[in-house]
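Remarks on the structure that follows.
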Amino acid sequence: GEDQVAIRAVGVLARRIARTGTNGSVWQPRGTVLITGGTGALGAHVARWAAANGAQHLVLASRSGDSTPGAADLHGELAA
C-alpha cells in the first residue's frame, strides 16, 4: 500500500515493510506480468499459473534467454 518509494544507490526503499494477512483474497494477475528466472523450473510453473489466471502478457526474463533448454517449448505452450 505504499505510494512513495526512494530510489538510492543501494536500491529501492519503501517507508515500511510489514507482513500482511491474505484476508481470504488471492492475487489475480492482470495486464503484463514480469517473471524473473522465467525459463527455469519454478519460473515456468509461475508463468503457467499466471497465464491460466488472467495475465494477458508474460515477460519471462532469464540469464540464458531463448537458449535455455525447453524455452521454445514453454513459449509455444504459453502462447497456446
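Over the range 22-69, the fraction of Cα-Cα pairs per 5 Å bin, rounded to whole percents and listed from the shortest bin up, is 5, 23, 27, 20, 14, 6, 2, 2, 0.
Over the chain, the reciprocal of the mean inverse Cα-Cα separation, the Kirkwood hydrodynamic radius, stands at 14.8 Å.
Taken along the Cα-to-beta-carbon direction at a fixed 7 Å, the label points for Asp73 and Arg8 span 4.6 nm.
Coordinate-derived values only; no laboratory data. Note that this is a predicted model, so its numbers are computed, not measured. All Cβ positions, even for glycine, are placed from backbone atoms using ideal geometry, and neighbour counts span all protein chains on display.
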